[in-house]
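Notes follow once the structure below has been shown.
The values are calculated or read from the model by the stated rules, or taken from the named source; none is laboratory data. The model shown is predicted, which means the values in this text are computed figures rather than measured ones. Here the Cβ positions follow ideal geometry from the backbone for every residue, glycine too, while neighbour counts run over all protein chains shown. Ligands, DNA and RNA are excluded from the accessible area calculation, which covers all protein heavy atoms including side chains. Shrake-Rupley method; radii C 1.70, N 1.55, O 1.52, S 1.80 Å.
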Amino acid sequence: MHEKLQDYIPQNAIPQVVNLLDHDDLVIKVKKERKTRHGDYMRLPNGKHQITVNSNLNEYRFLITLIHEIAHFEACRTFGRLIKPHGIEWKRTFQYLMLPFLNPDIFPESLLPLLAKHFKNPKASSDTDVTLALALKQFDEPNGKTYIFEVPLGSMFKLYNGRIFKMEGKRTKRFECVEVKTGRLYLFNPNAEVELLTNN
């Protein structure tokens, strides 16, 4: 199991990750891409605990996601099952577990200030931290997608689920887009990835 994980995380992080995963009742699975989440944690009916992480993540996002889910496992073990999923117990656990990894031997120097800021108060998803999410995406494999902030005003774009939208304009932090089929207005974060349609 550990050998499999070595393909997905930075080399210098491997010894620390192996130590964190040294539990008989913890199962790690690498899954195909899921559009709505990078990973998850669940307590199984047999009392064991399972963590899944998407295989398509770059090594830095994979590591952050893995530690995020290990923090759920550790918080559950330490504070019990009735805590809020992303409450103060999880936040403190995530900060504590992540701190040893925040160094230039593991992460590129360009990411370290953004990670330090993010981990002052980690969110349920690193994607809601737009600056960090965009910085992490620089290390992704090219996928032909366009960021929403790059879509010209009035242009059409498509989501992974086939829904088509038209770019209307920008609010303070997010972008107003109208779904062509329904005429409903939606707000998108700048780091949303979309497929730009050329035939408007």
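Leaving out ligands, DNA and RNA, what percent of the accessible area of the chain is carbon and sulfur, probe 1.4 Å?
On the way: 5820 of 11630 Å².
C and S fraction of accessible area: 50 percent.
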Across the chain, what fraction of all alpha-carbon pairs, as a whole percent, falls in each successive 10 Å bin from zero upward? 8, 31, 31, 20, 9, 1
Choose one of F188, F94, P142: the residue whose Cα lies farthest towards the positive end of the charge dipole of the stretch 55-200 (beta-carbon charges +1 Lys, Arg; -1 Asp, Glu; about the Cα centre). F188
Once phi is turned into θ = phi - 60°, what whole-Hz ³J(HN,Hα) does the Karplus curve with 6.51, -1.76 and 1.60 give for every residue of the stretch 121-126, x standing for Gly and Pro? 7, x, 9, 4, 9, 5
Solvent-accessible area per residue, Å², over the stretch 106-200 with all protein chains present [probe radius 1.4 Å]: 61
PRE reach from L44 (point 7 Å along Cα→Cβ): which of the stretch 17-34 fall under 19 Å by backbone N? 20-32
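222 nm [θ] for the chain, helices only, -39500 (n - 2.57) per DSSP H run of 4+, per residue, to 500?
Numbers: 6 runs with 58 residues, N = 200.
Computed ellipticity for the chain at 222 nm equals -8500 deg cm²/dmol.
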Counting pairs on different chains as well as pairs 8 or more places apart, how many Lys pairs in the stretch 111-200 have Cα atoms under 20 Å apart? 14
Given unit charges at Cβ for Lys, Arg (+) and Asp, Glu (-), the dipole magnitude of the chain about its Cα centre in debye, nearest 20, is 960
For K123 and N161, what does the FRET efficiency come to when R0 = 25 Å and r is the distance between their Cβ atoms, rounded to the nearest 0.05? 0.55
With each pseudo-label sitting 7 Å past Cα toward Cβ, what's the E109-V27 distance in nm, one decimal? 4.4
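Please report the net charge: other residues with Cβ closer than 14 Å to the Cβ of L153, K and R +1, D and E -1.
Details: positive: K166, K170, R171; negative: E150, E168, E176.
Within the 14 Å Cβ shell, the charges total 0.
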